[in-house]
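The numbers here are math on the coordinates, done by the rules we state, and not lab data. Fair warning: this is a prediction, and the values are worked out from it, not measured in the lab. Quick reminder, even Gly has a Cβ in these numbers, built from the backbone with ideal geometry, and neighbours come from all protein chains shown.
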Amino acid sequence: CYHCKLNMQEGDPAVYAERAGYDKLWHPGCFVCCTCGELLVDMIYFWKNGNLYCGRHYCDSERPRCAGCDELIFSNEYTLAEGQNWHLKHFCCFDCDCVLAGVTYITVNDNPVCKSCYMKNHAAV
């Protein structure tokens, strides 16, 4: 078995994945996503760099995912803020929803806030 490295016994069911090559077989319970462990026997699988992936984790390996909407970011224009990737329109002020990509913001209670809202709602007077 490509995953657990145990020998396949004669008569045991085995999974063959064409994209992985003719030399690889798996026990049905070992045919899982390398990231989340999801069983892929009856699912669409992806093969990349010697690893099996479910659809979600294969896509995550190809494109960043927006922290705001949890969708893949296909645009070449996006922002990296607070250690996460965001669609430009989804990285916005927690108070007024104005877009914060490329502008100065302040973090209040782990939430990004624009300078105007910070001065109006959070700054000590």
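Would you list, by chain and number, the lysines whose Cα falls below 24 Å from the Cα of Lys89, excluding same-chain residues fewer than 8 positions away?
Lys115, Lys120
Run the reach check for Lys48 against lysines, Cα to Cα strictly under 23 Å, same-chain hits fewer than 8 apart removed. What comes back?
Reachable lysines: Lys5, Lys24.
Could you check the spin-label model distance between Ser116 and Glu82? Points 7 Å from the Cα along Cα→Cβ, value in nm.
Using points 7 Å along Cα→Cβ, the separation is 2.0 nm.
Which chymotrypsin sites (Phe, Trp or Tyr not before Pro) in region 73-125 sit in a loop by DSSP (not H, G, I, E or B) and have at most 11 other Cβ atoms within 10 Å of their own Cβ?
On the way: sites: Phe74, Tyr78, Trp86, Phe91, Phe94, Tyr105, Tyr118; in loops: Phe74, Phe91, Phe94.
Those that pass, being in a loop and sparsely packed, are Phe74.
What does the helix-only formula give at 222 nm for the chain: each DSSP H stretch with n ≥ 4 adding -39500 (n - 2.57), the total divided by the residues, and the result rounded to the nearest 500 deg cm²/dmol? Let's see the in-between values first.
Details: 1 runs with 8 residues, N = 125.
Helix contribution divided over all residues of the chain: -1500 deg cm²/dmol.
Quote the relative contact order of region 1-55 in percent (integer), defining contacts as alpha-carbon pairs under 8 Å separated by 6+ residues.
Numbers: 77 pairs, mean separation 14.7, N = 55.
Rounded, it is 27 percent for region 1-55.
Starting from 0.36 nm per residue, how many nanometres of slack lie between Asn49 and Asn109 once their C-alpha separation is accounted for? The partial results should precede the final answer.
On the way: separation 60, 0.36 × 60 = 21.60 nm, distance 4.03 nm.
Here the answer is 17.6 nm.
Pairs of alpha-carbon atoms within less than 8 angstrom and 6+ residues apart define the contacts here; what relative contact order does region 79-122 have, in percent?
Details: 51 pairs, mean separation 12.2, N = 44.
Relative contact order comes out at 28 percent.
Figure the gain on full extension for Asp12 and Thr35 (residue separation times 0.36 nm, minus the Cα-Cα span) and round it to one decimal in nm. Write out the running numbers ahead of the final one.
Details: separation 23, 0.36 × 23 = 8.28 nm, distance 2.58 nm.
Using 0.36 nm per residue and subtracting the Cα-Cα distance, I get 5.7 nm.
In nanometres, what is the gap between the two model label sites at His3 and Arg63, each 7 Å from Cα along Cα-to-Cβ?
Once both label points are built, they end up 2.7 nm from each other.
With a ≥ b ≥ c the root eigenvalues of the C-alpha gyration tensor of region 15-61, is it rounded (a/c under 1.5), prolate (a/b larger than b/c) or oblate? Don't skip to the answer; put the middle values down first.
Values: a/c = 1.94, a/b = 1.31, b/c = 1.49.
The shape class here is oblate.
Report ³J(HN,Hα) in whole Hz for each residue of region 18-26, in order, from the Karplus equation J = 6.51 cos²θ - 1.76 cosθ + 1.60 where θ = phi - 60°; Gly and Pro get x.
Per residue, the Karplus-derived 3J(HN,Hα) values read 3, 5, 7, x, 6, 9, 10, 9, 10 Hz.
Let me have the relative contact order for the chain, percent, based on Cα pairs under 8 Å that are six or more residues apart. Present the calculation step by step, with values, prior to reporting the outcome.
Working: 168 pairs, mean separation 13.9, N = 125.
Averaging sequence separation for qualifying contacts and normalising by length gives 11 percent for the chain.
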